[in-house]
């Protein structure tokens, strides 16, 4: 039996080229986002096998994730890295007093993703193949070019460049104080791209129930793939009412931090398209539990952010999913993901197929280690 010999944690601050604004910024709920803080876990076994995983936070929470991970990491030393489910539970109990959702779960996610990466690398398989892939590529759409701080002319240019690069769909941010500005931007992009390019919109929890219903009805004419987060992320009943009333599918779930929270949405019929985020719900182990339940209910899947992880998980989902394309994380990894024909290709590299760049190491603001390297 191999065993975990060493764990290294890193807190990495990724600066964004341009401050990012969505509806929450335009209405004063949040400040523009200037960086993303990553928690990386690197595990080495006594037999010399290695894995890497990560979680992340936006605007706040990075130091908290790192601190919690540092506290619970020692319980992994001496354990069999193949026992991933049991180790998730052990990590959860190590920090039981802070619960099984939120920041605590997001800290566990970095370890969990790392253990799956290690297991797949040891098997010589991609994570998708290890889980049981249904496809070797996944439909993909771009989000990073359509934020509200971007003038509509630039949004159109970004969208055309994304399509030309092999990305299939385009998502636009909406939820501005004047709803007519939203409609004008969606109209301009639809006219520029034509009817055949899949188009989605994301309100980032901006609207109240009445506004969401009115906007949903106005947006019906655009043939959208979905309307994302029209309401507060925890307003399950409101999302369910919208899903029943509108022809356009409702997508939500990215802000939730446990499987139980997603199950409540699904049971109420609040999401036509589930959007879990593996780092937020606790990693691949928890994501797979949710995916099984979503598939049982015949729901579509479109994981949020972190395409380097979610490409593998989407490839293993039985129903045809979507993966969100963000170029923000590209400076962190030596490898690039390939898009063509509207799809993102699953790499044949073992594990997640990622290694950290020297720049990622340079952006590291804190590290911690436990155990001993073999």
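The values are calculated or read from the model by the stated rules, or taken from the named source; none is laboratory data. Just so it is clear, the model here is predicted, and its values are computed rather than measured. Here the Cβ is made from the backbone with ideal geometry for all residues, glycine too, and neighbour counts use every protein chain on show.
Looking across 359, 286, one residue alone is part of a helix (DSSP H, G or I) and either over 18 Å from the mean Cα position of the chain (by Cα) or modelled with pLDDT under 95 (or both). It is 359.
Rundown of residues vs (1) farther than 24 Å from residue 346 by Cβ; (2) modelled with pLDDT of 95 or more, yes/no style:
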residue: 58; (1), (2): yes, no
residue: 79; (1), (2): yes, yes
residue: 114; (1), (2): no, yes
residue: 119; (1), (2): no, yes
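Within the range 51-60, is even one residue under 30 Å from residue 151 (Cβ atoms), touching a helix residue (DSSP H, G or I) at 6+ places or on another chain (Cβ under 8 Å) and assigned by TED's automatic domain parsing to the domain that holds residue 101? Scanning the range 51-60 turns up at least one residue that is under 30 Å from residue 151 (Cβ atoms), touching a helix residue (DSSP H, G or I) at 6+ places or on another chain (Cβ under 8 Å) and assigned by TED's automatic domain parsing to the domain that holds residue 101. Scan (1) within 30 Å of residue 228 (Cβ to Cβ); (2) touching a helix residue (DSSP H, G or I) at 6+ places or on another chain (Cβ under 8 Å); (3) surrounded by fewer than 16 Cβ atoms within 10 Å (Cβ to Cβ) for the single condition residue 12 breaks and write down its number. Here residue 12 meets the rest and fails (3). Figure legend. Inter-residue proximity from the range 200-214: first residues not assigned by TED's automatic domain parsing to the domain that holds residue 181, second residues modelled with pLDDT of 95 or more and surrounded by 24 or more Cβ atoms within 10 Å (Cβ to Cβ), beta-carbon distance below 7 Å, spacing 6+ or different chains. No pairs are indicated. Identification of helices (runs of 4 or more DSSP H) wholly contained in the range 77-154 with 1 or more residues that are on the phi > 0 side of the Ramachandran plot and in the same structural domain as residue 21 (by TED's automatic domain parsing) yields 102-123. Going through (1) touching a residue at least 60 places away in the same chain (Cβ under 8 Å); (2) surrounded by fewer than 22 Cβ atoms within 10 Å (Cβ to Cβ) one by one, residue 55 falls short only on (2). Per the conditions (1) touching a residue at least 24 places away in the same chain (Cβ under 8 Å); (2) closer than 19 Å to residue 139 by Cβ, the sole criterion not satisfied by residue 164 is (1).
The rows are residues; the columns are (1) more than 20 Å from residue 304 (Cβ to Cβ); (2) in a strand (DSSP E or B).
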residue	(1), (2)
13	yes, yes
25	no, no
37	no, yes
48	yes, no
57	no, yes
66	yes, no
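Condition check ((1) at pLDDT below 95; (2) more than 16 Å from the chain's Cα centre (by Cα); (3) crowded, with 24+ Cβ neighbours inside 10 Å; (4) in a helix (DSSP H, G or I)) across all residues:
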residue: 280; (1), (2), (3), (4): no, no, yes, yes
residue: 290; (1), (2), (3), (4): no, no, yes, yes
residue: 295; (1), (2), (3), (4): no, yes, no, yes
residue: 309; (1), (2), (3), (4): no, no, yes, yes
residue: 314; (1), (2), (3), (4): no, no, yes, yes
residue: 318; (1), (2), (3), (4): no, yes, no, no
residue: 323; (1), (2), (3), (4): no, no, yes, no
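Out of 346, 259, 274, one residue alone is surrounded by 18 or more Cβ atoms within 10 Å (Cβ to Cβ), within 17 Å of the chain's Cα centre (by Cα) and touching a residue at least 60 places away in the same chain (Cβ under 8 Å). It is 346. Checking each residue in the range 339-348 for being out of contact with any helix residue (DSSP H, G or I) (no Cβ under 7 Å at 6 or more places or on another chain), in a loop (DSSP other than H, G, I, E, B) and at pLDDT 95 or above picks out 341, 342. Check the range 222-229 and report whether any residue there is touching a residue at least 40 places away in the same chain (Cβ under 8 Å) and more than 14 Å from residue 270 (Cβ to Cβ). Yes, that holds for at least one residue.
Could we say that residue 31 is within 30 Å of residue 146 (Cβ to Cβ), outside the structural domain of residue 179 (by TED's automatic domain parsing) and assigned to a strand (DSSP E or B) here? Answer is no for this residue.
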